[in-house]
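Accompanying notes for the structure given below.
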Amino acid sequence: MSKKKKEKSDEIAPLGEVRELTRSVHVNGMYENWFLDYASYVILERAVPHINDGLKPVQRRILHSMWEMEDGRYNKVANVIGHSMKYHPHGDASIGDAMVQLGQKDILIDMQGNWGNIFTGDSAAAARYIEARLSKFALEVVYNPKTTNWQLSYDGRNREPVTLPVKFPLLLAQGVEGIAVGLACKILPHNFNELIEASIDILRNKKVNILPDFPTGGIADFSKYNEGLRGGRIRVRAKIEKRDKKTLVITEIPFGTTTTSLIDTILNANDKGKIKVKKVEDNTAAVVEIMIHLHSDSYEDIDKTVDALYAFTDCEVSISPNSCVIVEDKPRFMSVNDILKYNTEQTQALLKKELEIRMSELEEDWHFSSLIKIFIEKRIYRNIEECKTWESVIETIDDGLKPYKKKFKREITREDIISLTEVKIKRISRFDVKEQDEKIRGLEDQMKEVAAHLANIRNYTIGWYKDLLKKYGKGRERKTEIGSFEQVVASEVMINNQKLYVNREDGFAGFSLKKDEFVSDCSTLDEIIVFRGDGTMIVTKVDDKKYVGKDVRYIAVYRKVEPEPVYNLIYQDGRGGNIMAKRFTVGGTTRDKEYVLTKGADGSKLLWFSISGPDDAETVRIMLRPKPKLRITQVDVNFNEHEVKGRGTNGNIVSRHAASKVVKLSDSKPAKKPVQATLEVVTKEVPVKPKAAPAPVAKSVKKPEGKSTPKKVNPLHEEKAVTVEWDFNGKKDNISSDRDRILSELEQKAKDKKTQTKMDF
């Protein structure tokens, strides 16, 4: 195709002509640019405040419109909204909502009419019914056209401020919250007076640490505030007072809640059985007053009711701050202390700039006043009467001022001379030299004062802050009480409103199994611990009906307490395996995870299970299954002699033979550990015919010196205790062989005497 024909094909086809498209356009990159542009716009122009004035664009435009409309009288909010729309490209609803929120901060806007209630959550009246004007504080602190940077509005028809020259940490005083694209901001409000005092401390090079103060009051734990950065957390509680034994009164609510939402959570908790409430009354007007009437039998202690309100309702809330601001057209995460330092330095810089502007104005006034004095006093105006051209007039006045130019602080310009020609004859005729001299001296005094402030700008800023605190600090004392409190464990204050049942055979447990075995009272928040016959354990949340495993040996409501209970366990390791004994504590667990308490061999089973303290365990007797040549038919296990370990321990071998029965003997005290390892054998002698003396004992076995204390034996038999002690003497390598040899000799001795032998290790 020729170049001419190609150009023709790219032209728009005539009406009615159908042309085949021969080009394709890839829009991936276009979408990426659009998304980034939109994300940047939302972050910079809608959701995140600027660090210079602490305002979002819509708030800044509202305040600028109110300043333009300011005449000392109230304006309908609807008019302010309409005026703001020439600066703000969005709808009137968003402007109205932003203005109401700005007014409820009670710092910048003087309100008249129904502006809503932050305690009850009631919305403001329609914009046509409420009025507003700028507060005196706003007029003094927020505005100064001489120090304001300006830009064109979105349509280019008007001029609006880039940021307002705020000489106060307004961002921290008001707080702000916004959600952008992939970015969120939540800066909590702080106390007006504390911010000013902290700014003064910063100017004095002192370290500061400011904490939020909420307009709704309450009690707050700021131990994990983290200076307002991501990852921090604040716990805020309502202030609850005891009116009498059956009545509680909520006088302050947590930040972010309302009396309506708070009462809803109380009623919801009551419906679910977590608390018992007779009636709730909301008497909130100018102050919060929520009356909570309780049943006479709701709690034994009213303090538990208060704990339950903190655990199950919005009487306690958790707030996560995220301090994000716009700095030099970029979002940046900064701590509240750093923001305060930035705003303090900015305030000092603005005050310095205002002083410099004031100094420039005073110098210009002094300069012109001095020119007029010389122009009239020296009668230079008479020299221009014969001038015929404008340029000759300018030159004549300039020649007349030459002898006095050294007295001026700057050069006399053409504009200065032109301004002299504009002096009216009336002013010349009434000119008073003394009055003019007094004016010049007054200007010079003011210039000296301003120069002194500029030379000591830090002290001047401190004085300015003190004056601000004196004028506007009254009635702005801290409302939120700073406290420290422990987390209320919900399961500990939950009312036992359910009953736990278990079907051990089928392996089900829950509230609905009312025909099965009753276990205990519980709540819907509780967890249960289950030990099964196969030596496994599980911790799970209780429910109406839940499968927990067959052959349930032990089930109970599981609560973590200190000290932990000690579990005593005897199990058989696999089919025909060793009998093991262990003492353990459960420790940390994962819900619904199965834990194996044995070695894990197939066929393992529990023979004994009990719960005790660390030093008050029982003694049990294991009856061994009879079989040929088995002389030891029972083994006693004192659990106090076993060390308490974790649940993962395998335990100690107590027998290598099968057991037929395990019975409890009696409680016993902890046994003392011997200094030396000994092997003690107690022989029980039955009356028989005497035989030849037994062969002498091996040399490695020595008889104890002195009399030995016999062990307790069966009173049905006449018995004589013989104690044989074996000292290992540190020969660890030969312990096993020597022990077997000694046992063999003692068994032969017992056979000869036809005695029953009991061996304790």
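How large, in Å, is segment 381-423 by the Kirkwood hydrodynamic radius built from its alpha-carbon pairs? Provide the component values of the computation, followed by the final result.
Values: mean 1/r = 0.0923 Å⁻¹.
It works out to 10.8 Å.
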Expressed in angstrom and rounded, the centroid-to-centroid distance over alpha carbons for segment 160-217 and segment 501-578 is 54 Å
Sequence order, segment 201-218: Karplus ³J(HN,Hα) from phi using 6.51 cos²θ - 1.76 cosθ + 1.60, θ = phi - 60°, Hz rounded, Gly and Pro as x, gives 4, 5, 5, 8, 6, 9, 7, 10, 8, 8, 10, x, 9, 9, x, 8, x, x
Here segment 138-148 yields Karplus 3J(HN,Hα) values (6.51, -1.76, 1.60; θ = phi - 60°; whole Hz; Gly and Pro given as x) of 5, 5, 7, 9, 8, 10, 6, x, 6, 10, 8
Using alpha carbon centers only, segment 594-612 is separated from segment 37-86 by a whole-angstrom value of 71 Å
Magnitude of the Cβ-charge dipole (Lys and Arg +1, Asp and Glu -1) of segment 55-165 about the Cα centre, nearest 20 debye, reported as 260 debye
The distance between the Cα centres of segment 304-331 and segment 97-150, in whole Å, is 25 Å
Expected vector for segment 483-488, Karplus 3J(HN,Hα) from phi with 6.51, -1.76, 1.60 and θ = phi - 60°, integer Hz, x for Gly and Pro, equals x, 9, 9, 7, 5, 7
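For Thr120, Thr396, what ranking results if the residue with the fewest other Cβ atoms within 10 Å of its Cβ goes first?
So the residues, fewest neighbours to most, are Thr120, Thr396.
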The farthest towards the positive end of the charge dipole of segment 55-165, of the residues Asn158, Ser94, Ala126, given +1 on Cβ of Lys and Arg and -1 on Cβ of Asp and Glu, is Asn158
quick shape note, segment 141-227: Cα extents on principal axes in Å, largest first -> 50, 37, 23
Highest mean packing first, using Cβ neighbours within 10 angstrom, the peptides 345-352, 401-408 sort as 345-352, 401-408
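Using DSSP to define loop residues, name the trypsin sites (Lys or Arg not before Pro) in segment 560-646 whose beta-carbon has at most 14 other beta-carbon atoms within 10 Å. Numbers along the way, then the final one.
Values: sites: Lys560, Arg575, Lys582, Arg583, Arg591, Lys593, Lys599, Lys605, Arg621, Lys629, Arg631, Lys645; in loops: Lys560, Arg575, Arg591, Lys593, Lys599, Lys629, Arg631.
Listed in order of number, the matching sites are Lys560, Arg575, Arg591, Lys593, Lys629, Arg631.
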So, relative contact order of segment 233-319 in percent, Cα under 8 Å, 6 or more apart, is 39 percent
In Å, the C-alpha Rg and Dmax of segment 265-424 are 38.0, 110
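For segment 530-646, what is the convex hull (Cα atoms) projected area averaged across all directions, in square nanometres?
Values: hull surface 33.0 nm².
Quarter of the Cα hull surface area: 8.2 nm².
Apply the a/c threshold of 1.5 to the C-alpha gyration tensor of segment 230-309 and tell me whether it is rounded, prolate or oblate. Don't skip to the end; give the middle numbers.
On the way: a/c = 1.70, a/b = 1.36, b/c = 1.25.
Prolate shape, in that a/c is at least 1.5 and a/b is the bigger ratio.
If you take the square roots of the eigenvalues of the alpha-carbon gyration tensor of segment 372-524 and sort them as a ≥ b ≥ c, do you get rounded (a/c under 1.5), prolate (a/b over b/c) or oblate? Don't jump to the answer; show the numbers that get you there.
Details: a/c = 6.72, a/b = 4.83, b/c = 1.39.
In terms of gyration-tensor shape, prolate.
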For the table Lys550/Lys605; Lys56/Lys352; Lys373/Lys409, the rows whose alpha-carbon distance is greater than 21 Å are Lys56/Lys352
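For Val539, what charge total do you get from the other residues with a beta carbon under 14 Å from its beta carbon, if Lys and Arg give +1 and Asp and Glu give -1?
Once positives and negatives cancel, what remains is +2.
Where a number appears in this text, it was derived from the coordinates with a stated rule and is not lab data. Treat the numbers as computed from the prediction; the structure is a model and nothing was measured. Positions of Cβ are backbone-derived with ideal geometry, glycine not excepted, and every protein chain shown enters the neighbour counts.
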